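The values are calculated or read from the model by the stated rules, or taken from the named source; none is laboratory data. Source: prediction; values computed, not measured. For neighbour counting, all protein chains shown are included, and Cβ atoms are generated from backbone atoms with ideal geometry for every residue, glycine included.
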Amino acid sequence: MTTPTTHQTTSNRSASNNRSDRARAWLVLGLAGAFEVGYALSVGGSEGFTVLSWSLVAVVFFLLTLFALSVALRTIDVGIGYAVWAGIGAVGAALLGPLFFDESLTAAKAFWLAVIIGGVVWLKLADRPEVG
């Protein structure tokens, strides 16, 4: 039985930390997407920022989504991170809009939302670090 060298042990810890950092960044990006959904819905409820309560909620969600997105983009490539964030926001707002407002969700809209979700999943899969 051989014992790992210090370099191998450090390298394994580094790879594990890198995976952990990436996983954490993706979780924060998901949170940023959820805040984006809250922002989009509250902007809709603010009726052009004429309803104070909805307007204040929109400002809070706006600050939260930008902060979480900026934290996630420390690790995730900007193009990938931004596309996923925008996709989460768009799909979330489209799915929840009919629950909060007088909006419709047709079969055609649902299909194209599914296409966006598929794109977001593929972007996440494409962000896996290369082995080698």
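If only residues of region 1-39 that are at pLDDT 95 or above and out of contact with any helix residue (DSSP H, G or I) (no Cβ under 8 Å at 6 or more places or on another chain) are counted, the one that is nearest to G97 (Cα to Cα) is L27. Would you be able to say whether some residue in region 79-89 is buried (at least 17 other Cβ atoms within 10 Å of the Cβ) and more than 16 Å from D127 (Cα to Cα)? Yes: region 79-89 contains one or more residues that are buried (at least 17 other Cβ atoms within 10 Å of the Cβ) and more than 16 Å from D127 (Cα to Cα). Residues of region 98-127 that are closer than 18 Å to A58 by Cα and touching a helix residue (DSSP H, G or I) at 6+ places or on another chain (Cβ under 7 Å): F100, F101.
Could we say that F35 is of a type in the set (F, W, Y) and either surrounded by 21 or more Cβ atoms within 10 Å (Cβ to Cβ) or at positive phi (or both) here? Let's see the steps before the verdict.
Working: of a type in the set (F, W, Y): yes; either surrounded by 21 or more Cβ atoms within 10 Å (Cβ to Cβ) or at positive phi (or both): yes.
Yes.
Considering only helices (runs of 4 or more DSSP H) fully contained in region 27-132, which possess at least 1 residues that are hydroxyl-bearing (S, T, Y)?
On the way: elements: 52-72, 78-100, 107-126.
Once the helices (runs of 4 or more DSSP H) in region 27-132 are filtered for at least 1 residues that are hydroxyl-bearing (S, T, Y), what remains is 52-72, 78-100.
Considering L123, L52, L66, the condition of being without any contact (Cβ under 8 Å) to a residue 40 or more places away in the chain and within 30 Å of S20 (Cα to Cα) is satisfied by L66 alone.
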